[in-house]
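Undergrad: Structure incoming, see below.
The values are calculated or read from the model by the stated rules, or taken from the named source; none is laboratory data. Quick caveat: nothing in here was measured; it's all calculated off a predicted structure. All Cβ positions, even for glycine, are placed from backbone atoms using ideal geometry, and neighbour counts span all protein chains on display.
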Amino acid sequence: MAVKNVKSIAEINERIKKGKAVVLTAEEMVETVKRLGKTKAAKEVDVVTTGTFSPMCSSGMLFNFGQEPPLIRANQVWLNNVYCCGGLAAVDAYLGATETAADDPLNKVHPGRFIYGGGHIIEDLLRGKPVRLRAKSYVTDCYPRRDLEKDVTLASLAYAQLLNPRNCYQNYNCAVNMSGRTIYTYMGPLRPECRNANYATSGQLSPLLNDPYLRTIGLGTKIFLGGGIGYVIGAGTQHNPKPARNERGIPLSGSGTLMLKGDLKQMDARYVRGLSIVGYGCSLNLGVGIPIPILDEDMAWFTGVSDADIQQPIKDYGYDYPNGVARVMGYATFEELKSGSIMVNERAVQTVPVTSYTMSLEIAQTLKKWIETGAFLLTEPQEKILSM
């Protein structure tokens, strides 16, 4: 990759402070690169903002609910009857977004029923609603309390952070069902004999598709997270640094992922929403926006990626996916997926997004405003994430 028209993040931040930075959303950058070419675009543009609003199952809340006499060492914790991981220390616990209520186990899940879980509790707390906390412990000399039950709110929690092991998948599957019955998946219901195709990511707005080699994203990168400020703290679980790629560097499968954190008390419930997935379980819809500094013409070229440049693998969730079969039935561009139908086995199939493009664009536009007004400066990655 050639490196020309080099800028530093420090230089871009100075332009932001002076109100002179040119900031575009990733959608706007597509047309700018087409019109000017990557060399001129690199000279004119300082930052490109990205956004995604999508189910992000590997998310959760790390929290501390505070002590009151007599003290307790909580090794079992529930919020609104949803089990949290205790055994961390005293009154620390972790609530997973996909954990369901204890009286609503997955073996009772059936089509059409609302499923309440961790993601909904996180949203409830953000909306100022009280949540019932129960905690149990064995007794020690320093922690003599055995049981605790009380209402808590986000304001009353001593500490509440989103701590998400795996967010922002870099590309993903287009899910179909070749079996003879309707199946209920984390990608939503899939009708039999390939009568719908469900897909995820925000395409040309998607953060990791605008920086496919993670040149500007790493440990310490400051981001938009749930309507507040968050940070990248490393590669996410299931991160695959060496996928097959097309000529634009775009992975041809699910590949890069990020681990993220942010203060829940600064966030906005508009961008953090509990999700009930019909017949499957629960999750969390989460808004993430990442600024991409245009350091050189290569970064201008990467951020000029369009929906037509992004190919998603089509996979059968009726047999192949649950049985660990790696077969790819074909590829569809994001442009084709957004059109409303794609061709699978020479037949037109209706497409259904599980990511909101409208909300993703709103996030990119909000982050753009933050940067243009000087409220948000860029950060240097303190450690690179392996990407090739």
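Undergrad: If you go through region 153-199, how many residues are in a loop (DSSP other than H, G, I, E, B) and surrounded by 24 or more Cβ atoms within 10 Å (Cβ to Cβ)?
TA: If we filter region 153-199 for residues that are in a loop (DSSP other than H, G, I, E, B), which is where we start, we get 153-158, 168-173, 177-182, 186-187, 191-195.
The next check asks that each one be surrounded by 24 or more Cβ atoms within 10 Å (Cβ to Cβ); those that pass are 168-171, 177, 187.
Summing the residues that are in a loop (DSSP other than H, G, I, E, B) and surrounded by 24 or more Cβ atoms within 10 Å (Cβ to Cβ) in region 153-199 gives 6.
Undergrad: Quick check on region 302-340: of everything there that is aliphatic (A, V, I, L, M) and under 21 Å from Ile292 (Cβ atoms), which residue is farthest from the chain's Cα centre (by Cα)? First the steps, then the outcome.
TA: First, pick out the residues of region 302-340 that are aliphatic (A, V, I, L, M): 305, 308, 310, 314, 325-326, 328-329, 332, 337.
Applying the additional criterion that residues be under 21 Å from Ile292 (Cβ atoms) yields 305, 308, 310.
Numbers: Val305: 20, Ala308: 22, Ile310: 18 Å.
Filtering first and then ranking leaves Ala308.
Undergrad: Continuing with the same structure: If a residue has to be surrounded by fewer than 19 Cβ atoms within 10 Å (Cβ to Cβ) and under 14 Å from the mean Cα position of the chain (by Cα) to count, how many in region 206-227 make the cut?
TA: Selection size over region 206-227: 0.
Here's the yes/no breakdown for (1) in a strand (DSSP E or B); (2) in contact with a strand residue (DSSP E or B) (Cβ under 7 Å, 6 or more places away or on another chain); (3) touching a residue at least 24 places away in the same chain (Cβ under 8 Å); (4) more than 23 Å from Val354 (Cα to Cα):
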| residue | (1), (2), (3), (4) |
| --- | --- |
| Gly234 | yes, yes, yes, yes |
| Gln238 | no, yes, yes, no |
| Gly249 | no, no, yes, yes |
| Gly262 | yes, yes, yes, yes |
| Arg270 | no, no, yes, no |
| Ser283 | yes, yes, yes, no |
| Leu286 | yes, yes, yes, no |
| Val305 | no, no, yes, no |
| Ala326 | no, no, no, no |
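Undergrad: Quick test for you: out of Leu337, Leu367, pick the one residue that is closer than 30 Å to Tyr231 by Cβ and crowded, with 19+ Cβ neighbours inside 10 Å. Let's see the steps before the verdict.
TA: On the way: Leu337 fails: closer than 30 Å to Tyr231 by Cβ.
Exactly one of Leu337, Leu367 is closer than 30 Å to Tyr231 by Cβ and crowded, with 19+ Cβ neighbours inside 10 Å, namely Leu367.
Undergrad: Consider Tyr199 carefully, then state whether it is within 22 Å of Ala97 (Cβ to Cβ), modelled with pLDDT under 95 and either in contact with an Asp or Glu (Cβ under 8 Å, 6 or more places away or on another chain) or among the hydroxyl-bearing types (Ser, Thr, Tyr) (or both).
TA: Numbers: within 22 Å of Ala97 (Cβ to Cβ): yes; modelled with pLDDT under 95: no; either in contact with an Asp or Glu (Cβ under 8 Å, 6 or more places away or on another chain) or among the hydroxyl-bearing types (Ser, Thr, Tyr) (or both): yes.
Here the answer is no, as Tyr199 does not meet what is asked.
Undergrad: Which residues, taken from region 246-267, are at pLDDT below 95 and charged (D, E, K, R)?
TA: If the condition is that a residue be at pLDDT below 95 and charged (D, E, K, R), then Glu247, Arg248 are the ones that fit.
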